[in-house]
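Colleague: If you scroll down you'll find the structure; I have some questions about it.
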Amino acid sequence: MNTPTNSFKAGFVNIIGKPNVGKSTLLNTLIGQDLSVVNAKAQTTRHRIKAIINDTNYQIVFSDTPGIMKPAYKLHQKMLDAVDETFTDADIIMYVTEMRDTRPDEEWMEKIKMMSVPKFIVINKMDTATEPELHAAIDFWKTQNAWNEIIPISALHKFNTNLIIDKIVEYLPEGQPYFDDDKLTDRNDRFFVTEIIRERILANYQKEIPYSVEVGLESYKEEKTITKIHAVIFVARESQKAIILGHKGASIKKTATEARLKIEEFISQKVFLEVTIKVKPNWRDDDMALQRFGY
Ligand SMILES: Nc1nc2c(ncn2[C@@H]2O[C@H](COP(=O)(O)OP(=O)(O)OP(=O)(O)O)[C@@H](O)[C@H]2O)c(=O)[nH]1
Ligand SMILES: [Mg+2]
């Protein structure tokens, strides 16, 4: 454990924003590890994921969250519930936007306005903008809410991201650490194993496939020299199963092999990965299924 002094600071910094603005990229940059799945497709993050930074003088508990959107399925509503939850325990709200986003969601802007905690707005992807565009973006966001800090960054190029840490520490309340200092995240290896498989599906398949897929674990056995994992890829329709399989099973073989290598790297052990594909019709609107999938 940390040996906190009187002036030790600790708190929750909750990262929210629209899909695809770079919330997960920012989280990974801030903690210095690829923990949260990043992809060019929107709605990549589906769960709240906490990630912890420890210093001798402070502990910051970041939360990555799903992107704020209009819900089309019960799945989306659960994802939004995870965002809402972060309003209840935030010590600092960090709203992430990107350079070309000038259409804030009024409902969420209003919710943020109601919060009494410090609010940062982080304008990401500044590498994609010119100097005048950047100034225009800052001027625009100044009119949108009562931000304590407006911080332009590039999460991808790690530009200005250290400034975020400095500013957080400035505003963080004094208090005891929430987690042991050897803990990086609140999620376990099994969760990240399913995320690694989902990440490979996001990378390898197009159109509706990544949005129709959920990954579960049938079994997870840690043996002396190998971890044996049986994962299940759930799809919403029979036709999607054929796409996941690919010609003579080539697509699933590629995805499973790539996932296995990444899992081996993540858990630092040899892995035997078996993957089954199951059709679970309508799972995105099925309360029972969603609950089983951890929503
Ligand atoms: N050019 C540029 N691209 C970035 C930057 N940060 C993130 N991206 C890209 O933006 C895309 C989305 O990034 P994510 O981190 O997955 O975005 P997110 O906000 O977590 O998205 P959801 O989980 O879908 O809500 C990816 O292709 C990233 O590589 C940046 O600073 N500059
Ligand atoms: Mg994300």
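Derivation of every value follows stated rules applied to the coordinates shown; laboratory data play no part. Fair warning: this is a prediction, and the values are worked out from it, not measured in the lab. Counting neighbours? That spans all protein chains shown, and the Cβs are built from the backbone with ideal geometry, glycine included.
Colleague: Highest mean first, what order results for 148-154, 252-258 on Cβ atoms within 10 Å?
Modeller: 148-154, 252-258
Colleague: Output wanted: per-residue J couplings in Hz (rounded whole) for region 9-16, from phi through Karplus 6.51 cos²θ - 1.76 cosθ + 1.60, θ = phi - 60°, x for Gly and Pro.
Modeller: Per residue, the Karplus-derived 3J(HN,Hα) values read 10, 8, x, 9, 10, 9, 8, 10 Hz.
Colleague: Can you run phi through the Karplus equation (6.51, -1.76, 1.60; θ = phi - 60°) for region 267-284 and list ³J(HN,Hα) in whole Hz, with x for Gly and Pro?
Modeller: Using θ = phi - 60°, the values come out as 9, 6, 8, 5, 10, 9, 10, 10, 10, 10, 10, 10, 8, 10, x, 6, 4, 6 Hz.
Colleague: Could I ask something else about it? Quick check: Cα centre of region 6-39 to Cα centre of region 60-89, how many Å?
Modeller: The distance from the Cα centre of region 6-39 to that of region 60-89 comes to 14 Å.
Colleague: 7 Å from Cα along Cα→Cβ at both K41 and E106: what's the point-to-point distance in nm?
Modeller: My value for the distance between the label points is 3.3 nm.
Colleague: Please compute, for the alpha-carbon atoms of the chain, the extent along each of the three principal axes and give them in descending order in Å.
Modeller: If we take the Cα atoms of the chain, the spans are 55, 45, 36 Å.
Colleague: Which lysines, if any, have their Cα less than 21 Å from the Cα of K78, not counting same-chain residues under 8 positions apart?
Modeller: K78 reaches K18, K23, K41, K50, K70, K111, K280.
Colleague: Related question: Mind listing the long-range amide H neighbours of K270? Cut-off is under 5 Å, sequence gap 5 or more, other chains count too, H placed in the peptide plane at 1.01 Å from N.
Modeller: So K270 has HN proximity to T227.
Colleague: Would you mind putting 26-36, 77-87 in packing order, based on average other-beta-carbon counts within 10 Å, highest first?
Modeller: Details: 26-36: 20.1, 77-87: 17.2.
So the order, starting with the most tightly packed, is 26-36, 77-87.
Colleague: What is the set of long-range amide H partners of L217 at a cut-off below 5 Å, with H atoms built 1.01 Å from backbone N?
Modeller: V232
Colleague: Quick one: 3J(HN,Hα) in Hz for region 162-171, Karplus 6.51/-1.76/1.60 with θ = phi - 60°, rounded, Gly and Pro as x.
Modeller: So the Karplus estimates, Gly and Pro as x, are 5, 4, 4, 4, 4, 5, 4, 4, 4, 8 Hz.
Colleague: To make sure I understand, if each residue's beta carbon is the centre and we count other beta carbons within 10 Å, what order do H47, H157, H247 fall in, fewest to most?
Modeller: Starting with the residue having the fewest Cβ neighbours, the order is H247, H157, H47.
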